[in-house]
Amino acid sequence: MVGTSTLTTLLLGWFAGRGRDLPWRRTRDPWAVLVSELMLQQTQVARVAPRFEAFLQQFPSPRACSLAPTADVVRAWAGLGYNRRAINLQLAAVAVVRDHGGELPADLDKLLALPGVGPYTARAVLAFAFEVDVGVLDVNAQRVLSRVLGHSVAQSEADAVVPRGRSWTWNQAVLDLGATRCRPIPICAECPLADAGACSWFAAGRPVPDPWRRSPHQSVFAGSDRQGRGRLVDALRAGPVAGPDVAAVMGWADDVGRAERVAATVVEDGLAVVDLTGTYFLPT
C-alpha cells in the first residue's frame with residue numbers, strides 16, 4: 001500500500017471534486033451535527049435531508065429542544081423511523097442544558113455520557129463540529145479502511161490514519177467513498193485508490209474473505225414489532241388512540257395480546273402515555 005501522505009492526497013483530491021453536498025456539511029454547529037448524526041442512524045440520506053433543516057428551524061438549540069413538549073419533538077421526527085431516537089435527542093438536550101450550560105462539550109467521555117450517544121456519534125460530533133483529529137468509524141468507513149489496510153480495522157487504527165488538522169475533510173471523504181464507491185459490492189473501477197495501489201485488498205486481487213466484517217442482517221421490517229410500534233406512533237402524531245383501537249392501528253386486529261404487549265414497550269420507551277381510560281397519547 002502507498003504511504004499515508006499519498007493516501008491522503010488521493011482521497012482528499014477525489015472528495016474535492018466529487019463530495020456530496022449535504023445540508024449538515026454546511027455547519028460546524030455541534031447541536032446541528034448531533035441532530036444530523038442521530039437522524040442518519042439506520043436512515044437513508046434522502047429521507048434525512050428534508051427533515052434536518054425543518055427540525056432545526058423548530059429546535060435550533062439544545063435549550064429549545066429541552067423546553068419543547070415531547071410530543072412536538074416526536075411529531076417533528078415523522079418520516080425518519082426509529083422514533084426512540086427523538087426521545088434520546090431530547091434527553092440529550094436536557095442533559096446538555098443541565099450539565100454543560102447549553103453547549104455540547106468537546107470531550108469524548110462527556111459526549112458518551114449523553115443519552116443516545118454512542119462511540120460513533122460522539123466521535124462524529126468531535127470531528128465534524130470541533131474538528132478534533134479522530135476517526136469516524138461507521139459501517140461505510142469500516143468497509144473502506146478495512147479494504148485499504150487489508151484487515152478489519154479497529155478504532156485506534158482509524159484514529160491513526162486521520163491527517164492532522166484535516167479531520168473534517170478526511171472523515172467526510174471516507175464516508176462518501178464508502179457510500180458511493182466502496183460499497184458492499186464495490187465499484188473499484190471508479191475508486192480513486194484502486195489503480196493507484198492505495199487499496200491493499202484490490203492490489204491483492206480482492207481475495208475472499210473480504211477484510212470488511214459485514215454487519216448482521218437486520219430483521220425483516222414487514223410484520224415486525226418495529227412496524228407495529230411505528231404505526232402506533234404515527235397514529236398518535238395525529239391524535240389520541242383509544243385502547244380498543246390500538247390493535248387495529250398497529251395492524252394486528254386479530255392479535256390483541258401482541259398489540260398490548262408491543263404498545264406497552266412504546267410507553268416504556270417514553271413515546272406514549274396511557275390514561276386511566278386506556279387511551280394513548282403522545283407524551284407532553
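Starting at the first residue of the range 225-232, write each ³J(HN,Hα) from the Karplus equation 6.51 cos²θ - 1.76 cosθ + 1.60 with θ = phi - 60°, in whole Hz, x for Gly and Pro.
Karplus values, whole Hz, x for Gly and Pro: 4, 4, 5, x, 4, x, 5, 5.
May I ask you to compute the full-extension gain from His100 to Cys188, defined as 0.36 nm times their residue separation minus their alpha-carbon distance, rounded to one decimal in nm?
27.2 nm
Explain nothing, just compute: Karplus ³J(HN,Hα) = 6.51 cos²θ - 1.76 cosθ + 1.60, θ = phi - 60°, for every residue of the range 242-254 in order, whole Hz, x for Gly and Pro.
With coefficients 6.51, -1.76 and 1.60, one gets 5, x, x, 9, 4, 4, 5, 4, 7, x, 10, 4, 9 Hz.
Sequence gap at least 6, Cα distance under 8 Å: using those rules, report the relative contact order of the range 29-128 to the nearest whole percent. If you can, show how the numbers build up before the last one.
Working: 102 pairs, mean separation 31.5, N = 100.
The normalised contact order for the range 29-128 reaches 31 percent.
Where does the charge balance sit around Ile185 when Lys and Arg score +1, Asp and Glu -1, over other residues with C-beta under 13 Å from its C-beta?
On the way: positive: Arg143, Arg147, Arg181, Arg183, Arg206, Arg214; negative: Glu190, Asp210.
With Lys, Arg at +1 and Asp, Glu at -1, the neighbours total +4.
Looking at the square roots a ≥ b ≥ c of the eigenvalues of the Cα gyration tensor of the range 196-256, which shape do they give, rounded for a/c under 1.5, prolate if a/b is larger than b/c, or oblate?
On the way: a/c = 8.13, a/b = 3.62, b/c = 2.25.
In terms of gyration-tensor shape, prolate.
How large is ³J(HN,Hα), in whole Hz, for each residue of the range 236-241 in order, when computed from phi with the Karplus curve 6.51 cos²θ - 1.76 cosθ + 1.60 and θ = phi - 60°, using x for Gly and Pro?
5, 4, 8, x, x, 10
From the square roots a ≥ b ≥ c of the eigenvalues of the alpha-carbon gyration tensor of the range 29-128, which class results: rounded (a/c under 1.5), prolate (a/b over b/c), or oblate?
Cα axes put the range 29-128 in the oblate bin.
So for the chain, averaging the separation of alpha carbon pairs under 8 Å that are six or more residues apart and normalising by length, what relative contact order in percent results? Intermediate values should be presented prior to the final figure.
Values: 370 pairs, mean separation 52.4, N = 284.
Relative contact order here is 18 percent.
Bear in mind these aren't lab numbers, they're just calculated from the coordinates by the rules spelled out. The structure displayed is predicted, hence computed values, not measured ones. Reconstructed Cβ throughout: ideal geometry from the backbone, glycine too, with neighbour counts over all protein chains shown.
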